[in-house]
Amino acid sequence: AYLLRIERIKAHRLLVLCYNRSAVITLRRRIRRLAGKDCQGITISTFHSLAMNFLGISAPDAFSHGTDLGPDAQRQFEEFIPKATALLEGTTEIPGMDKDQILQSLIGEWSHILIDEYQDIDQQQYAFVSAISGRVRKNPDTKLAILAVGDDDQNIYEFRGASTRFIHQFEKDYEAE
């Protein structure tokens with residue numbers, strides 16, 4: 001709401017990433033309550049949903065075998081984020097497009113990325129965020145402003161690789177305040 005109403009950032013320039021679908025719905029409601037119609041156009045997504053979008057994969061295509069995620073489907077699901085990261089980093093080619101064209105087509109006009117529950121991200125999600133935000137890109141014009149919200153006392157997904165070390169790594173890697 002601050003970015004929309006005070007800083008006057010256009011809604012279509014904002015990307016909000018959440019861990020799960022429930023958080024996406026909650027954040028949409030909260031932002032709508034705070035910013036009203038000014039929030040129309042914000043991209044609010046889960047990590048996996050955004051990765052699937054980048055890869056051109058729809059949920060029905062990804063889970064055509066029903067909603068039961070057996071071992072093969074679960075493995076495929078877990079590959080979406082690394083594959084999307086490779087696409088953003090330019091290590092996966094798309095015929096007829098160079099690395100910059102691919103990046104521009106995926107990132108579009110986003111200028112800000114906000115991440116909720118940052119304490120719950122894992123190594124793959126950390127690399128994905130880094131690729132989206134442009135942390136290692138040399139051209140400062142291609143880097144996104146980044147805001148991460150998390151509480152290192154609330155990491156509940158350690159069993160799947162989430163770690164509070166990414167909060168501390170974030171501070172160092174992004175020279176964060």
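The values are calculated or read from the model by the stated rules, or taken from the named source; none is laboratory data. All of these numbers come straight from a predicted model, not from anything done at the bench. We place every Cβ from the backbone using ideal geometry, glycine too, and count neighbours over all the protein chains shown. Surface areas here come from the heavy atoms of the whole protein model, side chains and all, with no ligands, DNA or RNA. Shrake-Rupley method; radii C 1.70, N 1.55, O 1.52, S 1.80 Å.
Tell me whether the stretch 93-108 contains one or more residues that are assigned to a loop (DSSP other than H, G, I, E, B), modelled with pLDDT of 90 or more and among the polar types (S, T, N, Q).
No, the stretch 93-108 has no match at all.
Within the stretch 38-59, is even one residue open to solvent by 70 Å² or more (accessible area, probe 1.4 Å), modelled with pLDDT under 90 and not in a helix (DSSP H, G or I)? Lay out the reasoning, then the answer.
Narrowing the stretch 38-59 to residues open to solvent by 70 Å² or more (accessible area, probe 1.4 Å): 40, 53.
Okay, now just the ones that are also modelled with pLDDT under 90, so none.
Within the stretch 38-59, none of the residues are open to solvent by 70 Å² or more (accessible area, probe 1.4 Å), modelled with pLDDT under 90 and not in a helix (DSSP H, G or I).
Six or more apart or on different chains, Cβ atoms under 6 Å: show the pairs whose first residue is in the stretch 79-108 and free of Cβ contacts under 8 Å to residues at least 24 places away in the same chain and whose second is surrounded by 12 or more Cβ atoms within 10 Å (Cβ to Cβ) and assigned to a helix (DSSP H, G or I).
Note: pairs meeting the criteria are GLY90/LYS99; THR92/ALA86; ILE94/ILE102.
Where residues in the stretch 9-35 are open to solvent by less than 60 Å² (accessible area, probe 1.4 Å) and without any contact (Cβ under 8 Å) to a residue 40 or more places away in the chain, which of them is farthest from PHE54 (Cα to Cα)? Write out each step before concluding.
Pass one, the stretch 9-35, residues open to solvent by less than 60 Å² (accessible area, probe 1.4 Å): 9, 11, 14-18, 20, 23-24, 26-27, 31, 35.
The next check asks that each one be without any contact (Cβ under 8 Å) to a residue 40 or more places away in the chain; those that pass are 11, 20, 24, 26, 31, 35.
Details: ALA11: 20, ASN20: 18, VAL24: 18, THR26: 23, ILE31: 24, ALA35: 27 Å.
Ranking the qualifying residues of the stretch 9-35, first place goes to ALA35.
Give the stretch 14-23 a look and list any residue that's more than 18 Å from TYR126 (Cα to Cα) and either part of a strand (DSSP E or B) or at pLDDT 95 or above (or both), or say none.
LEU14
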